[in-house]
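Following: one structure in structure tokens, then a few remarks.
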């Protein structure tokens with residue numbers, strides 16, 4: 001029986017993702033930095049607040065976040081852990097509807113406004129089309145979560161992010177999958193006058209050949225495609241029913257299982 005392990009795209013074993021809330025105008029500079037260093041982020045927006053005060057307008061939204069992910073953050077940013085379920089449903093669904101009408105793709109992620117959530121909210125979200133939800137509870141680790149509706153990030157950008165980046169860059173054990181997840185608010189760089197923190201971080205960790213740079217939703221979609229692989233009982237062959245490719249480590253050999261295709265793994269293990 002061949003020894004099979006899931007890998008990230010192109011056979012990589014590390015993924016970096018960024019997550020920023022509220023859609024303030026400081027996102028302009030942050031996106032510019034991300035784009036320059038080949039880093040991807042998910043931007044969680046309140047559709048009811050677009051264009052107000054110092055927030056990104058609806059007209060600017062599509063071009064600004066092109067190549068990144070626009071995600072939900074509720075319509076008006078309430079503390080939903082204190083809200084009745086009827087308001088939770090409306091806040092999430094109306095946020096999705098408005099954002100989807102603007103970006104023209106399904107919005108399936110969320111960051112909890114004010115970091116507020118509970119078990120009832122987590123139970124409701126899948127029925128509202130939400131497949132992941134980010135907390136504000138940093139773990140200080142690079143582990144892949146087993147509950148994406150309580151997706152705890154590695155760290156906030158003010159929590160020794162460069163130290164974490166150096167540790168993440170040094171990880172080289174191919175038998176594990178690692179994820180670094182950084183969160184925050186772009187306006188904090190203005191408030192704290194520390195744009196150098198994120199620029200230094202991105203310069204250090206960006207454009208590396210051994211890291212997959214992905215949005216939150218791209219990670220979810222890829223891992224679900226991995227889970228949907230159909231292996232024979234003896235792992236001699238595998239069928240990929242998904243549209244996207246999945247990469248596997250088969251007896252220390254990286255192989256791409258293209259969407260809609262079947263591959264004989266036993267031939268690979270003996271070749």
Percent of beta bridges antiparallel (DSSP, segment 1-152, rounded to nearest 5): 5
Among 200, 131, 150, residue whose mean-square fluctuation peaks in a GNM of the chain (springs only between Cα atoms under 10 Å): 200
Relative contact order of the chain, defined on C-alpha pairs under 8 angstrom at six or more residues apart (%): 27
Residue among 135, 106, 215 with the largest mean-square fluctuation in a Gaussian network model of the chain, springs linking Cα atoms under 10 Å: 106
Rounded, prolate or oblate (a/c below 1.5 giving rounded, otherwise prolate when a/b exceeds b/c) for segment 229-270 by Cα gyration tensor: oblate
Degrees separating the helix 161-170 axis from the principal Cα axis of the chain, which is the longest one: 10
R0 of 25 Å, Cβ-Cβ distance residue 138-residue 243: FRET efficiency to nearest 0.05: 0.15
Sum of -39500 (n - 2.57) over DSSP H runs of 4+, divided by residues of the chain (222 nm, nearest 500): -9500 deg cm²/dmol
Length-normalised contact order for segment 229-270 - Cα pairs under 8 Å, 6+ apart - percent: 38
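Assign one of three labels to segment 69-131, namely rounded, prolate or oblate, based on the Cα gyration tensor with a ≥ b ≥ c the square roots of its eigenvalues; rounded applies when a/c is under 1.5, prolate when it is not and a/b is larger than b/c, and oblate otherwise. Numbers along the way, then the final one.
On the way: a/c = 1.85, a/b = 1.66, b/c = 1.12.
Verdict is prolate for segment 69-131.
Could you list 253, 208, 119 in order of exposure, starting from the residue whose Cβ has the fewest other Cβ atoms within 10 Å? Before the final figure, lay out the partial values.
On the way: 253 13, 208 16, 119 9.
Ascending Cβ contact count within 10 Å gives the list 119, 253, 208.
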Mean Cβ count within 10 Å, highest first, over the residues of peptides 186-192, 11-17, 43-49: 43-49, 11-17, 186-192
Gaussian network model of the chain, springs between alpha carbon atoms under 10 Å - residue of 19, 71, 261 with greatest fluctuation: 261
Nearest-ten-degree value, helix 85-103 long axis tilted from longest Cα axis of the chain: 80
Euclidean distance between Cα centres, segment 5-60 to segment 238-263, Å: 29
Prolate/oblate/rounded call for segment 143-208, Cα gyration tensor, a/c under 1.5 rounded: oblate
Rounded to 5, the percent of DSSP beta bridges in the chain classed as antiparallel: 40
Potential lengthening between residue 147 and residue 89 on full extension [0.36 nm per residue; Cα-Cα distance subtracted]: 18.8 nm
Degrees, to the nearest 10: 195-205 long Cα axis against longest axis of the chain: 10
Relative contact order for segment 88-152, counting Cα pairs under 8 Å that sit 6 or more residues apart, in percent: 29
DSSP-defined beta bridges in segment 1-84 - what % are antiparallel, rounded to 5: 10
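Bear in mind these aren't lab numbers, they're just calculated from the coordinates by the rules spelled out. Everything numeric here is computed off the predicted structure, so don't read it as measured data. Every residue, glycine among them, receives a Cβ derived from its backbone with ideal geometry; neighbour counts consider all protein chains shown.
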